[in-house]
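The values are calculated or read from the model by the stated rules, or taken from the named source; none is laboratory data. Values in this document were obtained by computation on a predicted structure and should not be read as measured data. We place every Cβ from the backbone using ideal geometry, glycine too, and count neighbours over all the protein chains shown. Side chains are part of the model used for accessible areas, which takes the heavy atoms of the whole protein and leaves out ligands, DNA and RNA. Shrake-Rupley method; radii C 1.70, N 1.55, O 1.52, S 1.80 Å.
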Amino acid sequence: MKKQIFTVAMALAFLSLASACNSSKTGSATDTASKMAADTSSKMSGMAADTSKMHTQEGVMVGGALMVPTKNIVENAVESKDHTTLVAAVKAAGLAETLSGKGPFTVFAPTNEAFDKLPAGTVASLLKPEMKKDLAGILTYHVIAGNYKAADLKDGLELATVQGQKVKFTKKDGQWYINDAKITITDAVSSNGVTHVIDGVLMPKK
């Protein structure tokens, strides 16, 4: 009888030990699976972050908007709150399609404040349909065929504009000027050229 009780006790002890081992193995497997899932999730999150960075475009801030290389010069310009007068003038002169073309163009873009420096009534007069030719002449005097970034400029450099007359670049106290207008923002790259912001309106010789 004692032998039977001992045998039963041994069997129960063995079953208890086996159950504990199985529980430990199951827990270990669960922990491993959880760790693998966490690692995969972390890697996927990292990949998503990297993809997000890839889709984030770099550009230059102009008038509260980011000028990006995937848009053309006109598309970028219309986003700038500092260039509403210039955009209106470009449309009135019939140059929007031209400046949206293949290019490349280098555009020196006067701000609204630059246009405000002109004598009273000048802008309103230039925007009239009968002044379209004169307006186009002034605006194309702000455009150079080719792609000229700030690094390409040299003190005393003269370049011909699309209008036909030349503009001159000078450097004073580390600041670039085109004729008498200061270049305030450089190298806003578009898909068909580059734009530089200036604080004055360039007027060709008559």
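For the reader, a short list of remarks on this structure follows.
- Listed conditions (1) more than 30 Å from V143 (Cα to Cα); (2) at pLDDT 85 or above; (3) hydroxyl-bearing (S, T, Y) are all met by S100, apart from (1).
- Scanning the range 74-113 for residues that are farther than 21 Å from V162 by Cα and either more than 22 Å from the chain's Cα centre (by Cα) or touching a residue at least 12 places away in the same chain (Cβ under 8 Å) (or both) yields E79, S80, K81, D82, T84, N112, E113.
- Within the range 57-162, strands (runs of 3 or more DSSP E) holding 1 or more residues that are open to solvent by less than 40 Å² (accessible area, probe 1.4 Å) and among the aromatic types (F, W, Y): 105-110
- Cβ pairs under 6 Å, 6+ apart, first in the range 182-206 and at positive phi, second open to solvent by 50 Å² or more (accessible area, probe 1.4 Å) and basic (K, R): D187/K149
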